[in-house]
Structures are given as C-alpha cells and as structure tokens.
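Shown next, in structure tokens, is the structure this report addresses.
The values are calculated or read from the model by the stated rules, or taken from the named source; none is laboratory data. Fair warning: this is a prediction, and the values are worked out from it, not measured in the lab. No Cβ is skipped: glycine too gets one built from the backbone with ideal geometry, and neighbour counts run over all protein chains shown. Ligands, DNA and RNA are stripped out before the accessible areas are found, and what is left, the full protein with its side chains, is counted by its heavy atoms. Shrake-Rupley method; radii C 1.70, N 1.55, O 1.52, S 1.80 Å.
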Amino acid sequence: MKTQLKKGVIELLVLGLLTQKNHYGYEIVDTISDYVEMSEGSIYPLLKRLQKDTLVETYWEESISGPPRKYYRITEIGKANYREMLLEWQEFSSAVNRFLEGVDQHD
Amino acid sequence: MTKEQYLDLLRYYFRQAKAEDMQEIISDYEEHFRSGYEQNLTDEDIIKALGEPKQIYEAYLSEGIITEKKGLLKGDLKEDLKDMLDKAQVEFNTTMKPQLPHYWQEASKAVFVTSGTLAYALAALCWFITLILTYLLSIQWQPLADVAPLPAVSLVTIGAFFLTGVGAGLTCVFIGQECFKQYKAKKAKEVLG
C-alpha cells in the first residue's frame, strides 16, 4: 500500500482509538499494528505532529513498573477532526468498493 | 543490534536537531523499549517492528516536527545566532569561569566601576576647562605683551565653543551613568545568585 494513503489512514485509526480511551504510546502502536502492517517507529512522529496541531495532548502517569509513562488524550479539536475524517473515509471507501464491485462483475 | 545501539543510531540521525527535541524523541523510544520488555519481547523483536532509525528520522522530517539545520544560512538566522550566543555564554560560565581566579571573576565589575568613575572625572574636567577657556576668550586675555594679539573672537564663536564643551561633558556623564548601571546590574545578579 502506498505510504501517503497509509499515513492518512493510520492518523484516522490513532484518533479513533483515542476517542475511546486515553492510551500510552506503546498501546497505540501495539493495537494499530495488529490491524495494519507498518513500521511501528513511525507512529511516534505522527503522535508528535498531532500534538503540535493540538489534536491530542499528553500527560504523565505513574506506571506500576518503572518510570511514568506518557499518555495521549484527544482534544475537542481532535474529536471534531476525527468526525470529519471518518466521514471522508466512509464516503471514499464506499465509493472505492462500489467501483471495485463493478470491476468484479465485468470479469 | 541492541537497544543502546539503536538509540545511538537515532541520536546520530537527529544530531542536527535541537537538543531538547532530540531528548524528547529518544525518551519516547526508550519508553517503547520498556513497554516491549513487559510483553517479554527482546531487543531484536522490538527493533524489527520499529523499523530503521533512518526511516524514523525521515518520518519526523516529513511531519515537519524537526527542521534540518546544517549551517548558519539554513533555517532561521536569528534563531541560529541566538543559539550560538547562548551556547557560548553557557560554555564560558561552565568551563572557563570556574577556572578563572577570583579576582578575574570580579574584574568585569571593577572595570565598570573604574570606567564609570573615570568618565565622571572626565566630565568634570571637560566642564572646568570649558568654563575657564570661555572666560579667557571673552576677556581676550593676552598674557604675552610682545606678541601681536589674536583677532577678536565673535560672541557667536564663544557661544559655540562653550556649548561644544558642555556637550562633551554631558557625553562623559552619560557614559559614566551607563557604566554604573552595568555595575549595579552585575551586583544585583550576584546578590540574587
């Protein structure tokens, strides 16, 4: 899969994951890599950019083992952005699917 | 490759980035390794999943989080200069200054006091000489009887001379004031630590 498209999708997944619950970096990476194949290391720059664009914010929380962990929380702007992106994605993917179904039938 | 080697490679790629940015980035990946260990993963498993350090660096570049700074002319020139000055200041304070004998550390303060005092003295001298010369010009003082007297000096010339002298004195006073201001600032800094 081309990386640009993948990058956008992963952003959607990260925001979606964070609308449910706050997570620390590794949890986000681990959950998403179960569904999408990617270099796990590239999630951190993405998270950093989301933070810079104030879609997410971070805070520290003690962990049972070892030093505190950096947690990510979605902001109101992030939620609004997510809804918009989700709608775009649904329109886009259903259009692509409709098209591909048509291609299948012509086989 | 071990975790340390991996992080060293990351540090290598991020060497041009701002120190605080690099620190934050490295600490994210350190945390990632710690969390991986809790899932009983080895360094090798974690590194394989993370991907190449170079790719990670490129991802940060393309997200626009770090900007590459290779020379003075790249990036923000003013920021670079400020960076350089800050670094020089810190380096002086941490490496040079502790090595200097005590009286050298005091020197800058002493220099300001001395130059300030000198400037004030010069101002006083300036005004004193101006007054005397203005007076002598106005009475057309002629101490040597056998020398032809100077042509009469007009009132305008005397006035201009007087004002020049006063101005020179004022300049000295301002210089002195600045010196003492610096001295006081330094002293206040010392008291406040």
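Consider segment B:8-33. How many of its residues are surrounded by fewer than 16 Cβ atoms within 10 Å (Cβ to Cβ) and not β-branched (Val, Ile, Thr)?
If we filter segment B:8-33 for residues that are surrounded by fewer than 16 Cβ atoms within 10 Å (Cβ to Cβ), which is where we start, we get B:8, B:11-12, B:15-16, B:18-21, B:23-24, B:26-27, B:30.
This time we only want the ones that are not β-branched (Val, Ile, Thr), so: B:8, B:11-12, B:15-16, B:18-21, B:23-24, B:27, B:30.
Summing the residues that are surrounded by fewer than 16 Cβ atoms within 10 Å (Cβ to Cβ) and not β-branched (Val, Ile, Thr) in segment B:8-33 gives 13.
The rows are residues; the columns are (1) of a type in the set (S, T, N, Q); (2) over 21 Å from B:Glu58 (Cβ atoms).
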{"residue": "A:Gln4", "(1), (2)": "yes, no"}
{"residue": "A:Val14", "(1), (2)": "no, no"}
{"residue": "A:Lys21", "(1), (2)": "no, yes"}
{"residue": "A:Gly25", "(1), (2)": "no, no"}
{"residue": "A:Met38", "(1), (2)": "no, no"}
{"residue": "A:Glu57", "(1), (2)": "no, yes"}
{"residue": "A:Tyr71", "(1), (2)": "no, yes"}
{"residue": "A:Gly78", "(1), (2)": "no, yes"}
Exercise for the section: Could you name every one of the helices (runs of 4 or more DSSP H) located completely within segment B:1-67 that has at least 1 residues being within 10 Å of another protein chain (Cβ to nearest Cβ) and at pLDDT below 90? Expected result: B:19-38, B:53-62
Practice task
Check whether at least one residue in segment B:134-141 is among the aliphatic types (A, V, I, L, M) and in a helix (DSSP H, G or I), and report yes or no.
Solution key: yes
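Inside segment A:1-98, counting only helices (runs of 4 or more DSSP H) that do not spill past its ends, which hold 3 or more residues that are at the interface with another protein chain (Cβ under 9 Å from one of its Cβ atoms)?
Working: elements: A:3-20, A:25-35, A:43-52.
The helices (runs of 4 or more DSSP H) meeting that bar are A:25-35, A:43-52.
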Practice task
State yes or no: is A:Lys21 out of contact with any His (no Cβ under 9 Å at 6 or more places or on another chain) and either surrounded by 11 or more Cβ atoms within 10 Å (Cβ to Cβ) or touching a residue at least 24 places away in the same chain (Cβ under 8 Å) (or both)?
Solution key: no
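Only one of A:Trp89, A:Trp60 is open to solvent by 60 Å² or more (accessible area, probe 1.4 Å) and within 16 Å of the chain's Cα centre (by Cα). Can you tell me which?
On the way: A:Trp60 fails: within 16 Å of the chain's Cα centre (by Cα).
On inspection, the qualifying residue turns out to be A:Trp89.
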